Amino acid sequence: MPPPVPPEADEHARRADEEYIEDLDTRAAELVEGGLGLARLAVGGAWRTSRWGLSTSMQIAERAVGSLAAGESVTRVANEAANGARDALMELVGVGHPEEHDESPRRQRRERPMSAQELRRRGADLLRRSADVTDDEETHPAYARILESLSPDEARILRMLEREGPQPAVDVRSASAVPHNSELVEANLTMLGILAGCRHTERTQAYLNNLVRLGLVLVADEPLRDPDAYQVLEAQPDVQGAMDSAKRSRTIRRSIRLTPFGRDFVGTCMSIDEA
C-alpha cells in the first residue's frame, strides 16, 4: 500500500495544474493573435486536459488520413489539421475565432480555392447523391447563400415583381440613318426602385445587375402589352436626360421579370403576404 500523500504535496500539485492551465490560456491567446504553432500547442494541451482529450486528437488524425488517401497534397492536409487543432484549442480555452467578429464584406465572401481534384471529388459525391432516392433536399442549396448576397432594397424589388408582375424598362440608343449602326446611350432604365419603395433609388441599376447575376431576375427583350407603362417611364427625368445627351435618340422597350428560379426563391424564402 503506497504511503499517503501529504496535504501540502496535493495542494502543490493542484496549484501546479492551475498554473499550467492559466499559462496555456495565455499562450493560446498569444498564438491565436500571432498565428504560430497552434497545432503543436493544441495537441500538447490535449494530453494534459481531460475536457478535450484523446477523441479530438483521433478525429483530426482520421480526417488527415482520409484526405491523404483521397490524394490531397501533404501541405493542404497539414494546414487543415493545424486549423482543426487550433479551433479545438480555442473552444477549450474559451477564445473566440479571430474572424468571428470580423463582419467585413471581404471576409464574408473570402473562400479557400479548391483544387481540381477536390472539385472532382465533390462532383462524384454529388452524382452519388443523385442516385440515392432517399436523399431529398427540401430547398435549393444556393438559397441560403443568395439571401446573404441580397440587400433589403433588393428584397423589396423581388417582392414587387412577385406581387405586380413584370415591369417596364427601356434602353436609350442614338438614332442613325444606317441600319444597325446606333450606339447604346443608357441601358435598362426603369422605375423599379421607386415603385418598390427602395431607400436608395440611385442604386437601382446596381440592384438590378446583382439580381440578374444571381439568376433571380431577367431583363427580357419582350415588351409589356400595356403601352401606357412605357409612356410614364419615358417621361422620367433620367430617361429624358439620356435622350437629350444624343443628337437623335430612340428608346427600345424591354421588360424586367422574375425567372422561374427567382419565383421559386421568393416563394420559398419570402413571406410576401406578411411583408
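Residues in the stretch 206-229 that are surrounded by 15 or more Cβ atoms within 10 Å (Cβ to Cβ), in contact (Cβ under 8 Å) with a residue 12 or more places away in the chain and either of a type in the set (Phe, Trp, Tyr) or not in a loop (DSSP other than H, G, I, E, B) (or both): 8 in all.
Kindly establish whether GLU202 is modelled with pLDDT under 95, touching a strand residue (DSSP E or B) at 6+ places or on another chain (Cβ under 6 Å) and loosely packed, with under 15 Cβ neighbours inside 10 Å.
No: the conditions fail for GLU202.
Taking ASP125, is it surrounded by 10 or more Cβ atoms within 10 Å (Cβ to Cβ) and either touching a helix residue (DSSP H, G or I) at 6+ places or on another chain (Cβ under 9 Å) or not hydrophobic (A, V, I, L, M, F, W, C) (or both)? So ASP125 fits the description; yes.
The values are calculated or read from the model by the stated rules, or taken from the named source; none is laboratory data. Predicted model, so just to flag it, every value in this text is computed and none were measured. Neighbour counts run over all protein chains shown; Cβ positions are idealised from the backbone, glycine included.
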